[in-house]
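The values are calculated or read from the model by the stated rules, or taken from the named source; none is laboratory data. Just so it is clear, the structure is predicted and the values come from calculations on it, not from any experiment. Here the Cβ is made from the backbone with ideal geometry for all residues, glycine too, and neighbour counts use every protein chain on show.
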Amino acid sequence: MNAHFQPGTISLERLSLGTKACVASINWEMLDPGEAARLRNFGFDEGVTVEPLHLGPFGRDPIAIRVGRMTVAIRRRHAGAIQVVPLT
Amino acid sequence: MNPLPLIAVAGSPNAGKSALFNALTGARQKVGNYPGVTVERHSGRSTSADGRPIELVDLPGAYSLDPASPDEAVTRDVLLGQQKGERQPDALLIVVDASNLDNHLRFALQLIELGLPTIVALNMVDLAKRDGLELDPVRLEQELGVPVISTVAVRRRGTAELQAALDDMLSSPRCGVHKHVKSDLLNLQRRAREIAATAVISETPTRRWTHRLDAVLLHPVLGPVILAALMFVMFQAVFAWSQTPVGWIEDGVSWVSGVASSALPAGFLRSLVVDGAIAGVGAVITFLPQILILFFFILLLEGTGYMVRAAFLMDKLMHGTGLSGRAFIPLLSSFACAVPGIMATRTIDDPKDRLTTILVAPLMTCSARLPVYTLIIAAFIPNTNVGLGIGLQGLVMFGLYVLGIAGALLAALTLRKGVLKGGSGGFMMELPKYQWPSLKDVVIGLLTRIEIFLKRAGTIILGTTVVLWALASIPPAGPGQKQSEVSIAGHIANGIEVVVKPIGFNHDIALALLPAMAAREVAVSAIATVYSLDASGDPDQLDKSLADKLRHRWPLPTALAFLAWFVFAPQCISTIAVTRRETNGWKWPLFMVSYLFILAYAAAGLTYWTAVALGL
């Protein structure tokens, strides 16, 4: 049942910059309740389009991601909890 | 008398809520605190279109009515009429970002469900247009069932229409508040997306301005270089731009003390007014220009949206020391003053992250240290050019800031490895669109700072200066005796001197350390008071600037040790008090004070011994 190994999906962490993708599933268990609530507040949800835009200068962390019309910064670790289907 | 109609301004973070609040209230604002919690209450007066007075309260930004922070809890409690010290609002003004409706409408829908008379301000329509997004406010109005007004708060556009709408809302009879029905957030989010989609008239895909700017400002190489350059320019400006106004203030103070001297008969009263009050406060307000310049930069960084980018750039490094990029903003604010900086840590969700940030915040070089640094640097560091137009004095100043930052990072690392072990620390932030803040918003921010600074100068500092003057003047010195040694203060300082002598501090410094606990800048006025008293028999001495006096009295290693001491010493009652408030007890403030005094003593000692060994 692990949402992490659905065929055809990759982790948002591995999506290359400028590639749009559709959120397939979010493994909420990997996040603590506060982090999960904030991700939801940012609009992360199944079926939403996301696009990584920028990487932090040190260790390519955090990642700036466009979600809906918003750009948010999350850590690589959080992005690892999100499985996406690349659109292009 | 009926109280004024109370209208709550609510919205998600980065919707431009405060700018709209400023646009409606102007300078008629009051900043207070909600009882029992440490959340600021911003309220102000405004008028509706037909001139009836209304009261506005600017609620903390929230993403939903399910609070994730103390600020968001206040927002919920006020809106539900459960907040102590606040009556339930009569009406709501919901602010949403026109180019982020998908997200902001979720909270708006949740608020509309409350059933209060509501107006939605569709804010920042200009930025949406810039990004090729055209919206239909009428359609939005139909979908939401409440009036929608397009605004550009930072440009003060749409405020007249808003005031007219407020008027309609307040005039129409109210049919009782219906019971709050709580919808599922996920459904609200999906509904928000649907409405946002129907409200779009046209959308031209453009390479967005913010994206283009971010390509440069968040560039892996250019980004950090630009950030470092900005910080450096900021600190050079604090020095260069302030010289002229500082001169004016100094002239003004000496004029006032001249007038007071000739108006008052020689004796106790003249001494109290001229040597106590005017000399003390005068020495402190001289530094107002630096503080204003620093705050100007901080407000600009915040208003443009760059501050969050700085957090993004710094997150990994901060994470390496056990902090998050979110700590960057409170810590950067602490460069102005640790008190608002520590209060700004409320945005950090992780409790251990937050506590670590609070404990290291006093190590950031706050503006109260500037008077001390400026005085010592002006007295002991030659004003030479080290090349490329960089002054040696500015360079030393920069070095002191760097020393404070290095100390903070090391302290954070040690704390996270020791007493504050554990906790992952999250970093999740919205990167708002870039925009040019309105001058008016910056001015309102600056005025609030001036008020706070002058209140401190006027109350704590004046108070301690006068007490010190009394301690330093009683009993009066006999012929051939030095006033600073026979006085009560002299005797207290003798005790402190024993402790600080090994690190090169003299009697005068020992005398200044105790009153400087009230506020660091008092160290300067304390020294000024001591020297102006000692010089009272010698008019030549009196004319010389304080810096000249110091140059003749202090050896260079002592001056450098004094600087090193002030990088670390927790010399500020307000900081200790706010730490107590924010951590809810005495444990952490006492811990903070002890570790900082130990650091200060060690740093001053090392500096002094090294300088002596080098023969400086």
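Can you pull out every residue in segment A:32-41 that is surrounded by fewer than 21 Cβ atoms within 10 Å (Cβ to Cβ) and touching a residue at least 12 places away in the same chain (Cβ under 8 Å)? Correct list: empty.
Give segment B:550-571 a look and list any residue that's touching a Lys or Arg at 6+ places or on another chain (Cβ under 6 Å) and either surrounded by fewer than 23 Cβ atoms within 10 Å (Cβ to Cβ) or touching a residue at least 60 places away in the same chain (Cβ under 8 Å) (or both), or say none. Once the filter is applied, which keeps residues that are touching a Lys or Arg at 6+ places or on another chain (Cβ under 6 Å) and either surrounded by fewer than 23 Cβ atoms within 10 Å (Cβ to Cβ) or touching a residue at least 60 places away in the same chain (Cβ under 8 Å) (or both), segment B:550-571 yields only B:PHE566. Per the conditions (1) of a type in the set (D, E, K, R); (2) part of a helix (DSSP H, G or I); (3) within 14 Å of chain A (Cβ to nearest Cβ), the sole criterion not satisfied by B:ASP66 is (2).
The residues listed here are A:VAL50, A:VAL72, A:VAL23, A:VAL85; of these, the one that is in a strand (DSSP E or B), of a type in the set (A, V, I, L, M) and away from chain B (no Cβ under 14 Å) is A:VAL85.
Taking segment A:54-68 as the range and being part of a strand (DSSP E or B) and either at the interface with chain B (Cβ under 7 Å from one of its Cβ atoms) or under 19 Å from B:HIS319 (Cβ atoms) (or both) as the test, the residues that pass are A:HIS54, A:LEU55, A:ILE63, A:ALA64, A:ILE65. Of the residues that make up segment A:35-50, is at least one among the basic types (Lys, Arg) and over 22 Å from B:ASP350 (Cα atoms)? Checked against the condition, which is being among the basic types (Lys, Arg) and over 22 Å from B:ASP350 (Cα atoms), segment A:35-50 yields no hits at all.
Just to verify a result, which residue in segment B:200-231, among those that are of a type in the set (Gly, Ala, Ser) and either within 21 Å of B:PRO432 (Cβ to Cβ) or without any contact (Cβ under 8 Å) to a residue 12 or more places away in the chain (or both), is nearest to the other protein chains (Cβ to nearest Cβ)? It would help to see each step written out before you state the result.
Applying the first criterion (of a type in the set (Gly, Ala, Ser)) to segment B:200-231 yields B:202, B:215, B:223, B:228-229.
From the residues that got through so far, the ones that are either within 21 Å of B:PRO432 (Cβ to Cβ) or without any contact (Cβ under 8 Å) to a residue 12 or more places away in the chain (or both) too are B:215, B:223, B:228-229.
Numbers: B:ALA215: 8, B:GLY223: 6, B:ALA228: 11, B:ALA229: 14 Å.
That would be B:GLY223.
Taking segment B:120-158, which residues are touching an Asp or Glu at 6+ places or on another chain (Cβ under 9 Å), outside any helix (DSSP H, G or I) and within 14 Å of B:LEU24 (Cβ to Cβ)? Residues satisfying the conditions are B:ASN123, B:ILE149, B:THR151, B:VAL152, B:ARG157. Where helices (runs of 4 or more DSSP H) sit wholly within segment B:305-360, those with at least 3 residues that are over 20 Å from the mean Cα position of the chain (by Cα) occupy B:306-320. Out of curiosity, is B:VAL259 closer than 30 Å to B:LEU317 by Cβ, surrounded by fewer than 16 Cβ atoms within 10 Å (Cβ to Cβ) and at pLDDT 90 or above? In short, no.
B:ASP90 fulfils the conditions (1) more than 29 Å from the chain's Cα centre (by Cα); (2) farther than 27 Å from A:GLY34 by Cβ; (3) away from every other protein chain (no Cβ under 14 Å); (4) crowded, with 23+ Cβ neighbours inside 10 Å except for a single criterion, (4). Per the listing B:PHE427, B:PHE398, the residue uniquely within 14 Å of chain A (Cβ to nearest Cβ) and closer than 30 Å to B:ASP353 by Cβ is B:PHE427.
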